[in-house]
1. Using the Karplus curve 6.51 cos²θ - 1.76 cosθ + 1.60 with θ = phi - 60°, what ³J(HN,Hα) values do you get for each residue of the stretch 80-88, in whole Hz, with x for Gly and Pro?
2. Please report the carbon-and-sulfur percent of the accessible area for the stretch 172-233; probe 1.4 Å, protein heavy atoms only, DNA, RNA and ligands left out.
3. Each residue of the stretch 71-76 in turn: what ³J(HN,Hα) in whole Hz from Karplus with 6.51, -1.76, 1.60 and θ = phi - 60°, glycine and Pro shown as x?
4. Which cross-chain or sequence-distant (5 or more) residues have an amide H under 5 Å from the amide H of residue 78, H modelled 1.01 Å from N in plane?
5. Between residue 103 and residue 38, what length comes free when the chain is fully extended (0.36 nm per residue of separation minus the Cα-Cα distance, one decimal in nm)?
6. Consider a paramagnetic label point 7 Å from the Cα of residue 172 along Cα→Cβ; state which residues of the stretch 180-216 have an amide N under 12 Å from it.
7. Scan around residue 207 for amide H atoms under 5 Å from its own, H built in the peptide plane at 1.01 Å from N, and keep only partners 5 or more places away or cross-chain.
8. Spelling out what I want: for every residue of the stretch 212-229, take phi, set θ = phi - 60°, compute 6.51 cos²θ - 1.76 cosθ + 1.60 (Karplus), and round to whole Hz; glycine and proline get x.
Amino acid sequence: MKRFTKAFMLSNALLLSAVAYAQVSSADSEKAFKVMEATDDSLAYKGDYSATMSVVVEQPGKATQSLKYKVFQRTDEEKMTIVQLMPEADKGTGYLMDGDNIWVYDPISRKFTHTSLKEALGESDLKIDDVDRSKTHWRDNYNVTEFKSGTLGKYEVYIITLTAKTTNPSYSKSTYYIRKDVNLILKEEDFSSSGRLMRTTLMPKYTKVPAGYVPTQIILRDEINVGENTQEIITDLTFDKLPDTIFTKAYIEGLN
C-alpha cells in the first residue's frame, strides 16, 4: 500500500509539472531564456572582476548587523572566491567555488568543509548562488513556467517565472520582473515548493560603467520572518585580470 501511495503521489506530481510546463510554448520558453541571458549580458560581470560587498542585516529584536565581504570571480571558468572582512569575529571566513564544488573555510579550525550554493553568507538573506554568474546557469537549473508582459512602477517589464529542475537553486520557483528597454532585473520573488513566498529582492539602483550595468543597491526582504531585511551595497568594482592564485584554498588560508 505504501509503495502504491508513493507511486500515485509521484505520478500526480509529474503530471502537474507536465501541465505547468505545457502552459509555456517552446518558443516562449526560448524567448524567456534569451531575456534572462540578456540580463546577464547587460551586467558588467564578465571575465574577471572584484568588488567589495557591504551587507546590513536587520532582524526584529536584534541589533543591526554590518557584514563586509571581498568578492573575486572569474566567470569564464565558473570560479569565485569570497572572503569575509567584517565583523571582526568572523573575519577570514572564506568561500571558494570551482564549478559545482564549493568549500567554506573556518579560520578558527583552519579547515575547509564542502557545502552548496544554498549556503547563506553570515546571518543575512544573501546566498552564495545570488552571486553566481556562470553563463549557462539559467538553462542548466530551470524550466520556464510563465512568460508574459506587464508593468512595474513606471517601467514596462517582462514577467518570467522559472521553476528549479536541479537542486542547485536555493528556491523551488522564482519570478523575475525585467525592464524591457535595458534588460535589468528590478524585482525577484522566490517561492517554496508549496508556492509560499519566501523572499522578495528589489534592485532599485544600478550604476552604468564601461563594461555594463552594476546593481549597486540590492534589498532582500524575508517574507517569512516579517521585519527581517538585508541590504547589499556594491563598491570598489574592478575588472582587471586576477591572479590564478586567488582561486585556490592556499590563497584563503594565507589571509589568516
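The values are calculated or read from the model by the stated rules, or taken from the named source; none is laboratory data. Predicted model only: the values in this text are computed from it and were never measured. Virtual Cβ from ideal backbone geometry, glycine too; neighbours counted across all protein chains shown. Accessible surface is based on the protein model in full, side chains and every heavy atom, while ligands, DNA and RNA are left aside. Shrake-Rupley method; radii C 1.70, N 1.55, O 1.52, S 1.80 Å.
1. My calculation for the stretch 80-88 gives 8, 10, 10, 10, 7, 9, 9, x, 4 Hz in order.
2. Working: 1410 of 2800 Å².
In the stretch 172-233, the share of accessible area belonging to carbon and sulfur is 50 percent.
3. 10, 10, 9, 10, 5, 5
4. Amide H to amide H, under 5 Å and 5 or more residues apart or across chains, residue 78 pairs with nothing.
5. Values: separation 65, 0.36 × 65 = 23.40 nm, distance 2.96 nm.
My answer for the length gained is 20.4 nm.
6. Answer for the stretch 180-216: 191-198.
7. It is 214, 216, by chain and number.
8. Ordered by residue, 3J(HN,Hα) equals x, 9, 10, x, 8, 9, 10, 10, 10, 10, 6, 8, 8, 9, 4, x, 8, 9 Hz.
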